[in-house]
1. May I ask you to verify whether L138 is within 19 Å of R183 (Cβ to Cβ), hydrophobic (A, V, I, L, M, F, W, C) and touching a strand residue (DSSP E or B) at 6+ places or on another chain (Cβ under 7 Å)?
2. Check region 229-242 and report whether any residue there is aliphatic (A, V, I, L, M) and without any contact (Cβ under 8 Å) to a residue 24 or more places away in the chain.
3. Just to be sure, is L256 modelled with pLDDT of 95 or more and within 25 Å of L236 (Cα to Cα)?
4. Considering region 307-337 alone, what residues qualify as being under 41 Å from the mean Cα position of the chain (by Cα), under 15 Å from L270 (Cα atoms) and not small (G, A, S)?
5. Just to confirm my filter: which strands (runs of 3 or more DSSP E) fall fully inside region 1-117 and include at least 3 residues that are at pLDDT 85 or above and open to solvent by less than 50 Å² (accessible area, probe 1.4 Å)?
6. Can you list residue pairs whose Cβ atoms sit under 9 Å apart, with the first residue in region 277-295 being more than 14 Å from F335 (Cβ to Cβ) and in contact (Cβ under 8 Å) with a residue 24 or more places away in the chain and the second being loosely packed, with under 15 Cβ neighbours inside 10 Å and β-branched (V, I, T)? Count only pairs 6 or more apart in sequence or on different chains.
7. Could you list, in sequence order, the residues of region 198-245 that are assigned to a helix (DSSP H, G or I), over 13 Å from L162 (Cβ atoms) and aliphatic (A, V, I, L, M)?
8. Are there any pairs with C-beta distances below 6 angstrom linking a residue in region 175-186 that is more than 13 Å from D135 (Cα to Cα) and of a type in the set (G, A, S) to a residue that is part of a loop (DSSP other than H, G, I, E, B) and open to solvent by 30 Å² or more (accessible area, probe 1.4 Å), with the two at least 6 apart or on different chains, and if so which?
Amino acid sequence: MFLTLIYIFILRLREKGGKLKACVEVIEEKWYPNPEHPYSLEELKVISEDAIEVDDVRGHVRVTFTPTVEHCSMATVIGLCLRVKLLRSLPSRFKVNIRVAPGSHATEAAVNKQLNDKERVAAALENPNVVEMVDECLTPSYDLLVIPPATGNQDSKEMQKLGDYKLPQFFNYPPYFTLQPVRDTREKQIQLWKDLILDYCRTQKIFVIALEEDFPLFSNPAIERSLSHEAREAFLSILVSDGRAEWLDKRHRKCLILWHRIQEWANIILNFVKEYGLEDSVMTVEEIRSGIESRGTELHGIDHTILMRALKLLEQKGKLAIFKGTTADDEGVKFSN
C-alpha cells in the first residue's frame, strides 16, 4: 500500500557567521488518511536540516530526503517539489542536487537520475498538469508575503536606499522577486510592485522603462535577486490595464509610465498657467518642459509625448491652441484667457 501523504517544505538559506546555513521549515501538510502512517511530518522525518548541504563558495546545494517506505510512489513528486522550490528561491548561481537517502528506496538510482536530469525535469514542467500539482504542493498555509518584523538592527546586506530614494521593507524580502503562483498572494505582490514603480518613477522623474535594459528598481544585488522578464512584463501590464502606463511598441519592449494620468497632467498645466499669470500668453513646448517658469514644478522635465497629449486634450476643450513651428523645438502654445 503506497503512502498517500504529500510533504510541503520551505527551504531557506540564512547567513550565520559570514556563511550561508541551510534551514528547513515545514509549512503545510496535505493528508489523505492512511492507517499505516498516522504520524506527523516531524515523526516521519522525511527531511531535516542535517540533510541539507550548502557550499556557498562553490554555489552548490544538496538536499537528501527519506521516503517513509521503500516503495513510496510519491518519491519523485516530493523530489520535484523540492527542486522547483529551490530553483524559485535560490540565486541562479547555485546548482541544486536532490536525492533520496541511500538505501531508503527500492528504485533509488532511478529516482535520483530523474530528479537531477535537467532535460527530464524541464520536460515534466512543460506539462500543465504537473505544474499545477507542484504549485498546489508548494502553496503555503500562511501568507508567504508576510514580511518578517524589523529587529531594530539594520542588516548591512539589505538595500535601504536606491540613490536618494528610500526603499520599502519588502524590497529586501526574496519572495517578492518571484512571481507567486497563488492568485491571492500574487495580487498582493502585484499591488506592492505597482505602488513602488509609480512612486519611484514619480520621485525620480522617470517616464519610460525599457524591459530589455537594466532598470535599478528591478534588482537587489544585496540579496541576489532580480525580477525575471516575465515578472517585469506582468507588473507593467497591470499598470497598463489600470491606465497608469502604456506600451510604446507591439513587442512590449518599452513602457510609458503615467504616474499622473493624462487628465491629471492637463490639470497641472492649467494650474501652472493660472499660478504664473500666463493666460493669453504664448510659450513654446520646450519652454514648458525646461523653461525658467517651470523650474521647481512637476512640468519641468516632463516627457515630450506626455506633454503633447495633455496639451492636445486641453486644446480639444478650448483651453489653448497649439501651433506648429519649423521644428519640434519651435512648437508653440497659445493659452486662452
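1. Numbers: within 19 Å of R183 (Cβ to Cβ): yes; hydrophobic (A, V, I, L, M, F, W, C): yes; touching a strand residue (DSSP E or B) at 6+ places or on another chain (Cβ under 7 Å): yes.
So L138 fits the description; yes.
2. The answer is yes, given that some residue of region 229-242 is aliphatic (A, V, I, L, M) and without any contact (Cβ under 8 Å) to a residue 24 or more places away in the chain.
3. Details: modelled with pLDDT of 95 or more: yes; within 25 Å of L236 (Cα to Cα): yes.
Yes.
4. L307, M308, R309, L311, K312, L313, L314, E315, Q316, K317
5. Answer list for region 1-117: 60-65, 95-100.
6. Note: no pairs meet the criteria.
7. Looking only at region 198-245, we keep the residues that are assigned to a helix (DSSP H, G or I), and these are 198-204, 216-218, 229-241.
The next check asks that each one be over 13 Å from L162 (Cβ atoms); those that pass are 198, 202, 229-241.
Of everything in region 198-245, those that are assigned to a helix (DSSP H, G or I), over 13 Å from L162 (Cβ atoms) and aliphatic (A, V, I, L, M) turn out to be L198, A231, A234, L236, I238, L239, V240.
8. Filtered contacts from region 175-186: no entries.
The values are calculated or read from the model by the stated rules, or taken from the named source; none is laboratory data. Note that the structure is a prediction, hence the values are computed from the model and not measured. Please note: Cβ atoms are built from the backbone with ideal geometry, for glycine as well, and neighbour counts cover all protein chains shown. What goes into the accessible areas is simple: the full protein's heavy atoms, side chains included, and nothing from ligands, DNA or RNA. Shrake-Rupley method; radii C 1.70, N 1.55, O 1.52, S 1.80 Å.
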